[in-house]
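Let me begin by presenting the structure, written as C-alpha cells, before commenting on it.
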Amino acid sequence: MVFQGIIKYFRKTSHYTILKLLTQIIVWGGIGLVIAYPETSMYKIADFLGIKEGFNALILVGFMLVLILIFKLLAVIENLEKNINKIIRQEALRELKNK
C-alpha cells in the first residue's frame, strides 16, 4: 500500500498530495509496528494516550483508523463527483453544439 502511494505521488497520475502520502505512511507504519511488537507498542500507545490498559488503547486506535477510512472514502466520493460533473458538462456542451 505504501509503495503504491509513493508511485502515485511521484507519477502525479492522480491528485495524490504529500499529505495523503504521509498519512498513509504513518498509518501503515503504525500498524506494522503494532503487529511487529504487540505488547510493548500497545503499552507505549496506552501511556502516550493516558490510558491505563492496552486493550482500551487498541479500541481507541481502532476508532481512529475507522475515522481515517471515512475521510479516505469522502475524498474518493469528492473525486467521483468531480468526474461526474465534468462528464455532464461535456455532454451539455455537445448537445448545445448539435442543436
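Since every read-out is calculated from the coordinates, none of them should be taken as a lab result. From a predicted model like this one, the values you see are computed outputs, not experimental measurements. Quick reminder, even Gly has a Cβ in these numbers, built from the backbone with ideal geometry, and neighbours come from all protein chains shown.
For GLY50, the criteria (1) at positive phi; (2) under 21 Å from the mean Cα position of the chain (by Cα) hold in every case but one, which is (2).
Of all residues in the stretch 28-81, those satisfying the criterion of being basic (Lys, Arg) and either surrounded by fewer than 12 Cβ atoms within 10 Å (Cβ to Cβ) or closer than 27 Å to THR17 by Cα (or both) are LYS52, LYS72.
Can you pull out the residues in the stretch 24-39 that are within 18 Å of the chain's Cα centre (by Cα) and small (Gly, Ala, Ser)? The answer is GLY29, GLY30, GLY32.
Collect the residues in the stretch 19-61 that are of a type in the set (Lys, Arg) and within 25 Å of TYR9 (Cβ to Cβ), keeping them in residue-number order. Within the stretch 19-61, just LYS20 meets the criteria.
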